[in-house]
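The values are calculated or read from the model by the stated rules, or taken from the named source; none is laboratory data. Note that the structure is predicted; figures quoted are calculated from it, not measured. Positions of Cβ are backbone-derived with ideal geometry, glycine not excepted, and every protein chain shown enters the neighbour counts. Surface accessibility is based on the protein's heavy atoms, side chains included, excluding ligands, DNA and RNA. Shrake-Rupley method; radii C 1.70, N 1.55, O 1.52, S 1.80 Å.
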Amino acid sequence: NIESFISENGMGVENEKRFIENGEINDVYRIDFVKSHLIWLNKAIQEGANCTGYHMWTFMDNWSWMNAYKNRYGFVSVNIENGERTIKQSGKWFKELASSNEIID
């Protein structure tokens, strides 16, 4: 039972702008993805897995060797035209999760 951690988890979504609602990206699909992984990780830890950490692929949208900026990955949207950063719904959800240390549906 060696010590381990999840070093890169996340999802890239093409054309995330289509999910803009009230000026922010409503990426409930990312929330569901991360929540599902964390629920299973918690189950593994409860059963004895020696996992000591969990890291997202990236906290904000970034450039990818394969996709450039076509796919978006993070909790924070980056406008590549002006550098403006906007927290997505998933970022707000993750902040609450980190503050409460509890997954709430």
Return the long-range amide H neighbours of R72 (sequence gap of 5 or more, or a different chain), with a cut-off of under 5 Å between placed amide H atoms.
-> V13, E14, N15, E16
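Taking a probe of 1.4 Å, how large is the accessible area per residue of region 10-102, in Å²? Show your work: numbers first, answer last.
Working: 6080 Å² over 93 residues.
Ligands and nucleic acids excluded, the figure is 65 Å² per residue.
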Specify the longest stretch of the chain that does not include any exposed loop site, a site being one of the chymotrypsin sites (Phe, Trp or Tyr not before Pro) with a non-H, G, I, E, B DSSP assignment and at most 16 other Cβ atoms within 10 Å.
-> 1-56
Taking one equal scatterer on every alpha-carbon of the chain, how large is log10 of I(q)/I(0) by Debye at q = 0.11, 0.19 1/Å?
-> -0.38, -0.98
Only helices counted: for the chain, with every DSSP H run of 4 or more residues adding -39500 (n - 2.57) and the sum spread over all residues, [θ] at 222 nm is -9500 deg cm²/dmol
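What do the square roots of 5 times the Cα gyration tensor eigenvalues come to for region 53-105, in whole Å, largest first, as semi-axes of the equivalent ellipsoid? Can you show the working numbers first?
Details: eigenvalues 116, 35, 12 Å².
With the √(5λ) rule applied to region 53-105, the semi-axes are 24, 13, 8 Å.
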In terms of the charge dipole of the chain, which places +1 on Lys and Arg and -1 on Asp and Glu at the beta carbon, the residue among I80, N22, L97 farthest towards the positive end is I80
Tell me, what HN-Hα J-couplings in whole Hz come from the Karplus equation 6.51 cos²θ - 1.76 cosθ + 1.60 at θ = phi - 60° for each residue of region 32-46, using x for Gly and Pro?
-> 4, 4, 5, 4, 4, 5, 5, 4, 5, 5, 4, 4, 5, 5, 4
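For the chain, with only Lys/Arg (+1) and Asp/Glu (-1) charged at the beta-carbon, what is the dipole magnitude about the Cα centre, in debye rounded to 20? List each step's numbers first, then the result.
On the way: 11 positive and 15 negative charges, 27 e Å.
That gives a dipole near 140 debye.
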12 Å reach of a label modelled at Y29, 7 Å along Cα-to-Cβ, counting backbone N of region 56-81 | 71-73
Cβ-derived FRET efficiency at R0 22 Å, W65 paired with F5, nearest 0.05 | 0.40
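If I compute solvent accessible area with a 1.4 Å probe over the protein chains, what percent of it on the chain is carbon and sulfur? Intermediate values should be presented prior to the final figure.
Details: 3810 of 7240 Å².
That fraction is 53 percent.
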